[in-house]
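The values are calculated or read from the model by the stated rules, or taken from the named source; none is laboratory data. Owing to the predicted nature of the structure, the values given are computational and were not obtained by experimental measurement. Cβ placement follows ideal geometry from the backbone for every residue including glycine, while neighbour counts extend to all protein chains displayed. Side chains included, ligands, DNA and RNA excluded: accessible areas come from the protein's heavy atoms. Shrake-Rupley method; radii C 1.70, N 1.55, O 1.52, S 1.80 Å.
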Amino acid sequence: MSPRPAGDPPPGSGARRGRGQPGGAWPGRPGGEPERPGPLILREGAGSDRDRPRALLLRALGLGDLLTAVPALRALRRALPRHELVLAAPWWLADAVRAVDAVDVLLPAGAPDREVPVRVPWPWSPPDLAVDLHGNGPASRAVLARLTPRRLLAYADGSAPRWRPDEHERERWCRLLTWYGIPADPDDLLLRRPAAASPAPGAVVLHPGADAGARCWPPERFAAVARELRARGEEVVITSGPGEGELAAGIAEQAGLPPAAVLGTPAGLPFGTLAPLVAQARVVVVGDTGVAHLASALAAPSVALFGPVSPALWGPPARARHRRLWRPYPGDGVRAGDPHGAEPDPRLLRITPEEVVEACAALGDPPSLQDADCAAPALPHGAAP
């Protein structure tokens, strides 16, 4: 749901305005286009063979957007074992893209306020294939078409299926690929759980930030949840992204937590710290933002708070380890309000601290690192093309 240069994307599309970063921020340049290093090589030897066929995948958005595209990325990896897969996305997502284990090269690309990049800095001969996983309008398709790929897959193409504004984001891109003959499973979303140690293993992780006030549950309610969970014997930590230090510290103070319970730096938590923290959490309490998608991808128990947009569009999968709290009014649709508004949405405010505490209590211990529910790589590192 970003502003629409040349009609891309429209209201109700998959692309959402904001900084697209954990808690609404991530190391980078919120509000402006990030600095662009050259292509980032994710697999040894990638990028060097000028004759190897390449597929360019455009998804120049945020962490949650990347993670909801994992099933599509995996499907493309399986369908194109001899191609080099090049993902055009913000450079600060490099560690997260590496964790997906389906992409060979990250080509840094982005634009202010999550709009369509003006250009993709493609340094090779024209792509054999280009796939628009960014939006459904002519602007994102045009960026790819200018590179003259041999084949282009996009919702904005006349041969593509109809865009469904009320479709879950994971299903949307899988349906596009399936239409073009590339089987894709929207449930293929899990990442390998990181082997690195969590800074707070077994803790309840509260993530109060979001990139718009409409999706921010009030800090005093997070504090009430933290206070009650601590009284029940839980360890509680609070994460903060860039610009959220005061928010997290204020919640910790209201809840009677020590300053050390706040995890974050002025630049936010690096993915290498955030991922094991989430993976090894007892439960993650979070709004409709990137960290909720990370909990889903790592099979971490979560309590996700929704409003004004229904979890039917951006929520975790229907698994016992996830509790989706959504309190619409009678007659509300799946898009009941403005997700980019400045004030907390009334539906979000209908969720009480007591509900959140009980949802946390209903969830068991986190899965072990050997949990069979974790994903295998789409293609082993070093596999022959």
For this session: State which residue is farthest from the chain's Cα centre (by Cα) when the search covers only region 92-109 and only residues that are assigned to a loop (DSSP other than H, G, I, E, B) and on the phi < 0 side of the Ramachandran plot.
Result: D104
Problem set entry | Condition met for R230 (surrounded by 15 or more Cβ atoms within 10 Å (Cβ to Cβ), over 21 Å from the mean Cα position of the chain (by Cα), basic (K, R) and modelled with pLDDT of 95 or more) | yes
Problem set entry | Looking only at region 125-149, and only at residues there that are modelled with pLDDT under 95 and in a loop (DSSP other than H, G, I, E, B), the one that is surrounded by the most Cβ atoms within 10 Å (Cβ to Cβ) | G135
Exercise. When G64 is evaluated against the numbered criteria (1) surrounded by fewer than 24 Cβ atoms within 10 Å (Cβ to Cβ); (2) under 16 Å from the mean Cα position of the chain (by Cα); (3) not acidic (D, E), which criterion, by number, is the only one it fails?
Worked result: (1)
Exercise. In region 317-367, how many residues are outside any loop (DSSP other than H, G, I, E, B), open to solvent by 40 Å² or more (accessible area, probe 1.4 Å) and at pLDDT 95 or above?
Worked result: 10
Exercise. So, in region 233-250, of the ones that are charged (D, E, K, R) and surrounded by fewer than 21 Cβ atoms within 10 Å (Cβ to Cβ), which residue ends up nearest to G268 (Cα to Cα)?
Worked result: E246
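Let's see how each residue does on (1) surrounded by fewer than 21 Cβ atoms within 10 Å (Cβ to Cβ); (2) in a loop (DSSP other than H, G, I, E, B); (3) touching a residue at least 24 places away in the same chain (Cβ under 8 Å):
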{"site": "D211", "(1), (2), (3)": "no, yes, yes"}
{"site": "A252", "(1), (2), (3)": "no, no, yes"}
{"site": "L257", "(1), (2), (3)": "no, yes, yes"}
{"site": "A260", "(1), (2), (3)": "yes, no, no"}
{"site": "A267", "(1), (2), (3)": "yes, yes, yes"}
{"site": "V284", "(1), (2), (3)": "no, no, yes"}
{"site": "A292", "(1), (2), (3)": "no, no, yes"}
Problem set entry | Qualifying residue in region 53-63 (condition: of a type outside the set (D, E), out of contact with any Lys or Arg (no Cβ under 6 Å at 6 or more places or on another chain) and more than 30 Å from P317 (Cβ to Cβ)) | yes
Seminar exercise, completed: Scanning region 110-119 residue by residue, those in a loop (DSSP other than H, G, I, E, B) and either of a type in the set (D, E, K, R) or buried (at least 21 other Cβ atoms within 10 Å of the Cβ) (or both) turn out to be G110, E115, V116, P117, R119
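For residues that are touching a strand residue (DSSP E or B) at 6+ places or on another chain (Cβ under 8 Å) and surrounded by fewer than 22 Cβ atoms within 10 Å (Cβ to Cβ), scanning just region 166-178, find the one that is farthest from L76 (Cα to Cα).
Here the answer is D166.
For P149, indicate whether it is in contact with a helix residue (DSSP H, G or I) (Cβ under 9 Å, 6 or more places away or on another chain) and not hydrophobic (A, V, I, L, M, F, W, C).
no
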For this session: For residues that are of a type outside the set (A, V, I, L, M), within 24 Å of the chain's Cα centre (by Cα) and surrounded by fewer than 23 Cβ atoms within 10 Å (Cβ to Cβ), tally how many sit in region 150-160.
Result: 0
For this session: Within region 130-142, identify whether any single residue is within 18 Å of the chain's Cα centre (by Cα), more than 13 Å from V86 (Cα to Cα) and not aliphatic (A, V, I, L, M), and answer yes or no.
Result: yes
Exercise. Which numbered condition trips up D288, out of (1) open to solvent by 10 Å² or more (accessible area, probe 1.4 Å); (2) among the charged types (D, E, K, R); (3) in contact (Cβ under 8 Å) with a residue 40 or more places away in the chain; (4) in a loop (DSSP other than H, G, I, E, B)?
Worked result: (1)
For this session: Can you run down the residue pairs with Cβ atoms below 9 Å, 6 or more apart or on separate chains, where the first is in region 72-90 and in contact (Cβ under 8 Å) with a residue 40 or more places away in the chain and at negative phi and the partner is among the hydroxyl-bearing types (S, T, Y) and part of a helix (DSSP H, G or I)?
Result: A75/T178
Exercise. R50 passes all but one of (1) assigned to a loop (DSSP other than H, G, I, E, B); (2) of a type outside the set (S, T, Y); (3) in contact with a Cys (Cβ under 7 Å, 6 or more places away or on another chain); which number fails?
Worked result: (3)
Problem set entry | Single unsatisfied condition, R221 versus (1) part of a loop (DSSP other than H, G, I, E, B); (2) over 21 Å from D95 (Cα atoms) | (1)
